[in-house]
Amino acid sequence: MAPIFKPHCTIFSPITDINKTKIIVNQLDQKIFQVDIEEMGESDDIWKTVFLKLVNNSTLKKINALFSQAFPEIYQFDPHISLIYKKLDAKKRKSIISKLDMKKSFAIDKISIVCTSGSVENWETVYSKTLK
C-alpha cells in the first residue's frame, strides 16, 4: 500500500535552518495564487511515481529563488504535485494516469515547512503560513 500524504509542491529541499526558513516564509508578501498543470506524468522515481507537472510560473520561480539565495544547498526545482509514492511498473503507472480526471489548475493557499526525515507517514508540518 502506498503511504498517505498531503498533496504539495516542494519549493526547496532540504531545509537546514527552520528559524531562517520561518523568517523567509513570514516575509513573503504573497497572495493565494494559481498553478497550472502542464501534464500528467509517471516515472521510476519513487518521489514522482505518478505526478502532475506544473507550469513553472513567475510566482513559483520567485518563491524558489528566495530559498535558493538563502541556502547553500543546490535544489533542482522541478515543480510538480506527486500523487503516489510507491514503486510500480510502467504499465500500472500508465493505467492509473489513464483513469485520472484532474483539474487543469489549483490554488496555492499555504506555504508550509515540513520535516521530511523518516518515512512519509511520519512527515511533520512544523510551520505554515496561510496566504490571503
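Computed from the coordinates by the stated procedures, all read-outs in this text should not be read as laboratory data. Just so we're clear, the structure is a prediction, and the values are computed from it rather than from any experiment. Counting neighbours? That spans all protein chains shown, and the Cβs are built from the backbone with ideal geometry, glycine included.
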- For Ile96 paired with Ser128, estimate the spin-label separation in nm (one decimal), with each label point 7 Å from Cα along the Cα-to-Cβ line. 2.3
- Restricting to Cα pairs under 8 Å and 6 or more apart, the percent relative contact order of the range 18-130 works out to 31
- Task: Report, by chain and number, residues whose modeled amide H sits under 5 Å from the one on Val126, excluding near sequence neighbours (fewer than 5 apart, same chain).
- Result: Ile113, Val114, Cys115
- Among (1) 6.9; (2) 8.2; (3) 11.4, the entry that matches mean projected area of the Cα convex hull in nm² as calculated here: (2)
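Sort the following peptides by mean Cβ neighbour count (other Cβ atoms within 10 Å, averaged over residues), highest first: 70-83, 115-128.
Ranking the peptides 70-83, 115-128 by packing returns 70-83, 115-128.
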- Can you pull the one-decimal nm distance between simple spin-label points at Lys62 and Ile23, each 7 Å off the Cα toward Cβ? 2.1
- Counting sequence-distant residues (5 or more places) and residues on other chains, those with an amide H built under 5 Å from that of Ser13 are none
